[in-house]
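Trainee: Here it is: the structure, laid out below.
The values are calculated or read from the model by the stated rules, or taken from the named source; none is laboratory data. What you see is a predicted model, and the numbers here were worked out from it, not measured in a lab. As a convention, Cβ positions derive from the backbone with ideal geometry for all residues, glycine included, and neighbour counts pool all protein chains shown.
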Amino acid sequence: QVQLVESGGGLVQPGESLRLSCAPSRSIFSIETMGWYRQAPGKQPEMVAETKRYGSRRYAESVEGRFAISRDNVKNTLYLEMNSLKLEDTAVYLCYAEVERTTYWGQGTQVTVSS
């Protein structure tokens with residue numbers, strides 16, 4: 001089993017930046033796939049960004065060029081750097097990890113972009 005603890009959400013204005021963190025309860029290097037989903041009210045959940053253990057990354061088209069996902073093996077933490085935030089980025093952001101064909105989820109962190 002893997003526990004995921006997220007942090008870093010908050011209230012920001014359009015154009016500002018935030019960094020989300022996700023700390024797994026086991027070595028991040030042992031986790032093949034990690035990423036972030038988001039859930040906005042009234043919308044379908046959306047995969048935002050994903051990274052594989054050996055470095056490949058993919059992004060939702062809506063965040064490409066603005067968001068960056070990364071792993072820090074020393075700090076054992078997954079990050080989502082979010083720049084040029086837009087009103088439509090408002091959502092609960094959930095970290096996930098795929099281990100041995102099981103997906104684990106964090107509790108979610110709220111990101112609100114408002115003027």
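Trainee: Which residues, counting only those in the stretch 11-68, are at pLDDT 95 or above, among the hydroxyl-bearing types (S, T, Y) and either closer than 18 Å to K86 by Cβ or not in a loop (DSSP other than H, G, I, E, B) (or both)?
Mentor: Those that are at pLDDT 95 or above, among the hydroxyl-bearing types (S, T, Y) and either closer than 18 Å to K86 by Cβ or not in a loop (DSSP other than H, G, I, E, B) (or both): S17, S21, T33, Y37, T51, Y59, S62.
Trainee: If I filter the stretch 30-84 down to residues being touching a helix residue (DSSP H, G or I) at 6+ places or on another chain (Cβ under 6 Å) and surrounded by 14 or more Cβ atoms within 10 Å (Cβ to Cβ), which single residue comes out as nearest to V12 (Cα to Cα)? First the steps, then the outcome.
Mentor: Within the stretch 30-84, the subset touching a helix residue (DSSP H, G or I) at 6+ places or on another chain (Cβ under 6 Å) is 71, 73, 76.
Right, trim to surrounded by 14 or more Cβ atoms within 10 Å (Cβ to Cβ) and you get 71, 76.
Numbers: R71: 24, N76: 26 Å.
For the stretch 30-84, the residue satisfying everything is R71.
Trainee: Is it true that S115 is hydroxyl-bearing (S, T, Y) and in a loop (DSSP other than H, G, I, E, B)?
Mentor: Details: hydroxyl-bearing (S, T, Y): yes; in a loop (DSSP other than H, G, I, E, B): yes.
Here the answer is yes, as S115 does meet what is asked.
Trainee: List the pairs whose first member sits in the stretch 77-106 and is polar (S, T, N, Q), whose second member is part of a loop (DSSP other than H, G, I, E, B) and surrounded by fewer than 22 Cβ atoms within 10 Å (Cβ to Cβ), and whose Cβ atoms are under 8 Å apart, counting only residues at least 6 apart or on separate chains?
Mentor: Pairs found: N83/S17; N83/R66; S84/G15; S84/S17; S84/R66; T90/A40; T90/S114.
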